[in-house]
Amino acid sequence: MGFLKKFTNKLSPPEATVELTLTNCTLSLGESLQGTLRVESKEDFETTEVRCEIQCIEQAKVIKQVYDATLRTNIPKVVDQSTVIFSAKPSLSGPTHFGNGETKAFALKINIPAGGHVTVMDIDHKVTWTIKGVLAVDGRPDRTSSTYTLQIVQPSAQPVVQREVIRTVVMIPCKYCQALMEQTVTACPNCGAKRTI
């Protein structure tokens with residue numbers, strides 16, 4: 001391999017097509033995301049890892065105190081603030097050799113945390129979930145797939161199962177009027193006489 005080719009390899013990712021195929025882009029919190037990462041190589045190279053990168057990012061407009069040099073004081077200003085709520089890099093394969101013209105597929109199954117945030121698209125508040133496939137290569141830039149946006153929703157409520165309770169009631173006759181009354185009452189509902197033991 002010539003010097004120029006080695007230098008070019010240091011600056012460019014491996015020649016390969018990386019395609020991420022997902023079974024479903026809309027999931028509930030707590031469900032598992034499933035799919036396949038397909039790699040079609042166009043040169044010989046070694047990866048240190050084949051993985052996916054999944055992130056949940058929250059963006060919100062907040063009011064912050066910003067120093068204004070002309071007024072020589074802090075003034076409130078609306079700014080965009082971004083926070084990474086969830087980030088994971090699940091490995092699909094360890095070090096792997098790809099030959100020129102070779103195609104390999106890697107199955108993926110990633111759990112969406114039950115305590116995570118659902119997707120939100122408001123004017124002042126945004127929560128987005130994204131995923132992409134990555135071929136990690138030492139000494140060269142990584143080759144990645146397209147980045148996909150996921151729709152994460154609340155799980156549907158479980159149906160409430162109502163149970164019928166059967167209760168046995170012991171009835172006893174009133175000493176005065178002989179009407180039947182529950183054993184637990186203290187006075188006859190018919191004549192009002194106090195129950196005797």
Within the range 47-72, the residues that are exposed (fewer than 13 other Cβ atoms within 10 Å of the Cβ) and assigned to a strand (DSSP E or B) are V62, I63, K64, Q65, V66, Y67, D68
Among (1) surrounded by fewer than 12 Cβ atoms within 10 Å (Cβ to Cβ); (2) not in a strand (DSSP E or B), I75 falls short only on (2)
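I'd like to know if the range 103-124 contains one or more residues that are touching a Cys at 6+ places or on another chain (Cβ under 7 Å), hydrophobic (A, V, I, L, M, F, W, C) and in contact (Cβ under 8 Å) with a residue 24 or more places away in the chain. Quick ask: steps written out before the conclusion?
So the first thing to find is which residues in the range 103-124 are touching a Cys at 6+ places or on another chain (Cβ under 7 Å), and the list is 108, 110, 116-117.
Of the ones still in play, those that are also hydrophobic (A, V, I, L, M, F, W, C) are 108, 110.
From what's left, in contact (Cβ under 8 Å) with a residue 24 or more places away in the chain: 108, 110.
Yes: one or more hits.
Taking strands (runs of 3 or more DSSP E) that fall entirely within the range 80-160, which contain at least 3 residues that are buried (at least 16 other Cβ atoms within 10 Å of the Cβ) and among the aliphatic types (A, V, I, L, M)?
Working: elements: 91-93, 96-98, 103-111, 125-136, 148-153.
Correct list: 125-136.
Confirm whether K126 is over 16 Å from V153 (Cα atoms) and under 19 Å from the mean Cα position of the chain (by Cα). Show your work before the answer.
Values: over 16 Å from V153 (Cα atoms): no; under 19 Å from the mean Cα position of the chain (by Cα): yes.
It is false that K126 is over 16 Å from V153 (Cα atoms) and under 19 Å from the mean Cα position of the chain (by Cα).
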The residue that is farthest from E46 (Cα to Cα), considering only those in the range 161-181 that are loosely packed, with under 11 Cβ neighbours inside 10 Å and among the charged types (D, E, K, R), is R167
If we ask which residues in the range 161-184 are part of a strand (DSSP E or B) and under 28 Å from the mean Cα position of the chain (by Cα), their number turns out to be 0
Does E15 satisfy the condition of being within 30 Å of A157 (Cα to Cα) and of a type in the set (D, E, K, R)? no
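Quickly run through the range 23-41 and pick out the residues that are surrounded by fewer than 17 Cβ atoms within 10 Å (Cβ to Cβ) and in contact (Cβ under 8 Å) with a residue 60 or more places away in the chain. Explain how you work it out, then say what you get.
Within the range 23-41, the first condition is being surrounded by fewer than 17 Cβ atoms within 10 Å (Cβ to Cβ), and the residues that meet it are 23-26, 28-32, 34, 36, 38, 40.
Correct list: C25, T26, S28, L29, G30, E31, S32, Q34, T36, R38, E40.
Coordinate-derived values only; no laboratory data. Everything numeric in this text was worked out from a predicted model, so none of it was measured. Note that we place each Cβ from the backbone using ideal geometry, even for glycine, and neighbour counts take in every protein chain shown.
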